[in-house]
Amino acid sequence: MAGVTTADHATKSQLGARIQDAERRRRLRWRLAFVAVWMVILAGLVAFVLGTIKLDTVFLTKSVPFILAGVPITIFVSFASITLAIVLAMLGALGRLSRNPIANGIASFYVSFFRGTPLLLQILFLYLALPQAGIVIDALPTGILALGFNYGAYMTEIFRAGIQAVPPGQTEAAHSLGMGGRTTFRRIVLPQAFRIVTPAIGNDFIAMLKDSSLVSTIGVQEILYRAQVIGRPTFQSMQTLIVAAMVYWIMTILFSILQSRLERRMAVGDRARPS
């Protein structure tokens with residue numbers, strides 16, 4: 001009987017090993033096919049560009065460093081804007097959850113207005129329209145304010161959902177320990193809500209990296225502005241815009257990788273936390 005049990009166990013082990021080996025081969029084939037598709041698409045794009053324009057390598061050696069000089073400005077605008085957006089989103093979420101009609105009305109109006117009008121219009125309004133009322137803001141702060149207010153409106157609903165996703169039992173347990181409402185929110189609810197919304201914040205930051213190109217319309221010398229400035233006089237905008245597109249793409253890929261690693265670390269922390 002023991003011999004039969006041992007044989008069955010060995011057979012199951014061998015079957016499990018074959019299944020795992022087949023799964024590894026399947027994943028390998030999938031990855032190879034995935035890479036092949038990317039290579040084909042990239043090769044087609046390169047062939048199209050080379051067949052459409054004649055690359056001026058001398059011009060590119062001058063234009064690429066000039067365009068890359070806009071990367072720090074783009075990153076600064078994005079980080080400053082997402083910081084402002086987080087603050088506004090938190091205040092907006094508290095207002096939306098408030099039973100006070102004044103706070104709720106202000107927050108609801110803010111969300112409705114900035115989600116209901118184009119971001120480009122908001123940038124131009126701050127930069128071109130406010131001076132008629134005697135309010136003059138420089139181009140860089142204008143871009144940060146417009147991006148921050150716009151994304152803050154969208155993120156308000158994300159923060160509101162994150163706060164509501166915290167189990168009510170957490171608040172009840174804190175109250176049973178004698179914590180007041182503000183202390184409970186600051187020490188119990190807010191940290192958990194922020195952990196919940198962190199992936200969404202990362203997604204919005206990556207989107208903001210691209211939307212920051214809109215501030216080029218008011219003269220902020222970020223990536224797109226520099227690509228246009230150096231490409232227009234020589235009628236070589238295709239080359240400079242392609243360079244700008246590649247820079248944005250690479251930045252997006254890098255920050256997406258960082259976001260994925262952050263989410264994995266947070267997921268490991270959640271699994272390691274005792275229930």
Are there any pairs, at least 6 apart or on different chains, whose C-beta atoms fall under 6 Å, with the first in segment 173-197 and among the hydrophobic types (A, V, I, L, M, F, W, C) and the second surrounded by fewer than 15 Cβ atoms within 10 Å (Cβ to Cβ) and in a helix (DSSP H, G or I), and if so, which? Ile188/Gln170; Ile196/Ala165
Selection within segment 97-123 - among the hydroxyl-bearing types (Ser, Thr, Tyr) and either assigned to a helix (DSSP H, G or I) or not assigned by TED's automatic domain parsing to the domain that holds Ser216 (or both): Ser108, Tyr110, Ser112
Failed criterion for Gln164 (all others in (1) crowded, with 16+ Cβ neighbours inside 10 Å; (2) over 17 Å from Val220 (Cβ atoms) hold): (1)
All but one of (1) in a helix (DSSP H, G or I); (2) surrounded by 13 or more Cβ atoms within 10 Å (Cβ to Cβ) hold for Arg265, so report the exception by its number. (2)
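Against the condition modelled with pLDDT of 90 or more and either in a helix (DSSP H, G or I) or in the same structural domain as Ser212 (by TED's automatic domain parsing) (or both), how does Phe66 come out, does it pass?
Working: modelled with pLDDT of 90 or more: yes; either in a helix (DSSP H, G or I) or in the same structural domain as Ser212 (by TED's automatic domain parsing) (or both): yes.
Yes; evaluated as a whole, the condition is true for this residue.
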How many of the residues in segment 101-127 are surrounded by 12 or more Cβ atoms within 10 Å (Cβ to Cβ) and over 16 Å from Leu147 (Cα atoms)? 6
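Based on this model, can you work out whether Leu140 counts as surrounded by fewer than 20 Cβ atoms within 10 Å (Cβ to Cβ), touching a residue at least 40 places away in the same chain (Cβ under 8 Å), of a type outside the set (Phe, Trp, Tyr) and under 19 Å from Val111 (Cβ atoms)?
On the way: surrounded by fewer than 20 Cβ atoms within 10 Å (Cβ to Cβ): yes; touching a residue at least 40 places away in the same chain (Cβ under 8 Å): yes; of a type outside the set (Phe, Trp, Tyr): yes; under 19 Å from Val111 (Cβ atoms): no.
Considered against the rule, which asks whether it is surrounded by fewer than 20 Cβ atoms within 10 Å (Cβ to Cβ), touching a residue at least 40 places away in the same chain (Cβ under 8 Å), of a type outside the set (Phe, Trp, Tyr) and under 19 Å from Val111 (Cβ atoms), Leu140 comes out as no.
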Given Leu258, Leu209, which one is surrounded by fewer than 18 Cβ atoms within 10 Å (Cβ to Cβ) and under 22 Å from Ala85 (Cβ atoms)? Leu258
Just checking, which of Ala165, Ala153 is more than 30 Å from Ile242 (Cα to Cα), touching a helix residue (DSSP H, G or I) at 6+ places or on another chain (Cβ under 6 Å), aliphatic (A, V, I, L, M) and at pLDDT 90 or above? Ala153
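The values are calculated or read from the model by the stated rules, or taken from the named source; none is laboratory data. Not measured: the values here are computed from a predicted model. Every residue, glycine among them, receives a Cβ derived from its backbone with ideal geometry; neighbour counts consider all protein chains shown.
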